[in-house]
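Take a look at the structure set out below.
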Amino acid sequence: MTAVVPALAGSLIVAGLLGVVLGARPVPPQPAAPGRSHPSIIARAAATSGRTRTLFLTGLGAGALAAVLTGWVIAVILLPAAAVGIPALLSSAPATTEIGRLEAMEEWTRSLAGVLTAGVGLEQALIATVRSTPETIGPEVTRLVARLHARWPTEAALRAFADDLDDATGDLVAAHLILSARRRGAGLAGVLEALAQSVAEDVRARRQVEADRAKPRATARWITLITVAVLGFLALTGRYIAPFGTPVGQVILLVLLAAYVGVLVWMKTMTRGKPLPRFIGSDLGGQA
């Protein structure tokens, strides 16, 4: 019992330090869309992906088993945190998702330009593209069409569409459509074709940048795997890590692991680009 209390106390201290470091990171303010409420903790937990829940439960079970077999109480905290945190820190999912959304916007813009060349109106063209919309932005386009069916003013529906996309490129597409809705002039199809070409060039540039950013992530991933493998081998074949089994040793181990996690967080922060500021939407309508 005397070994459990210092270990848990050290774990809480390190967790608190990690929380302070993560909370102190600057985060650009995001204006909340009108009429949307902030999700509760229960809603956020329910929105957690099944893969993350599986990793957490697997790590928790492995940590409990390791704590029973070895007496290392901190395994109950370390293994679930490692199972969930390390893949998140070393993955490139947000950048890949963002590039996929840009490609979907390019494809949808080209499709809309093709429909407009047939001589139909803007609202009819928007409704006609809903079936051929890429899956990545399908919900946003579906809501736009639903608002048009509900007799929303076209400009208000397009501003809400820009809020749903929540991207500077989406704002650019919505701005062209809003100007067309105001002036009802010809030539929108050509403008959208040129815009789609510009988005395609942006996608190519972002893919090249992401390929360069993936190199340090791959290096960190291999270093992490090799370190874990070596420590696991030493733990099973000798007494190299025996000093970490004491209460003080477990606290020191938590500090060292927290420092390593801090380096991974720092690296992920450096390889994550800042999103371009938005300039249109329901909240920014008076400033655009």
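Overview of values
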item	result
Point-to-point label distance, residue 222-residue 257, nm (Cα→Cβ direction, 7 Å offset)	2.6 nm
Least to most buried among 149, 176 (fewest other Cβ within 10 Å first)	149, 176
Radius 14 Å from Cβ of residue 221, net charge of other residues (Lys, Arg +1; Asp, Glu -1)	+4
Equivalent-ellipsoid semi-axes of region 97-204, from the Cα gyration tensor, Å, largest first	19, 16, 13
Extreme residue, positive dipole direction of region 97-204, given options 99, 126, 172 (C-beta unit charges)	126
Likely footprinting exposure, 163, 212, fewest C-beta neighbours within 10 Å first	212, 163
Whole-Hz couplings from phi, Karplus 6.51/-1.76/1.60, listed for region 240-256; x for Gly and Pro	4, 9, 4, x, 6, x, 6, x, 5, x, 5, 5, 4, 4, 4, 5, 5
Sorted by Cβ density within 10 Å, fewest first, the residues 274, 268, 215	274, 215, 268
Prolate/oblate/rounded call for region 155-245, Cα gyration tensor, a/c under 1.5 rounded	prolate
Given charges at beta-carbon only (K, R positive; D, E negative), |dipole| of region 97-204 in Debye	620 debye
Residue-span extension gain [residue 123 to residue 166] - 0.36 nm each, minus C-alpha spacing	13.3 nm
Neighbourhood net charge (13 Å Cβ-Cβ; Lys/Arg +1, Asp/Glu -1) for residue 200	-2
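Readers should treat all values here as calculations from the given coordinates under stated rules, not as data from a laboratory. Computed from a predicted model, the values in this text were never measured in an experiment. As a convention, Cβ positions derive from the backbone with ideal geometry for all residues, glycine included, and neighbour counts pool all protein chains shown.
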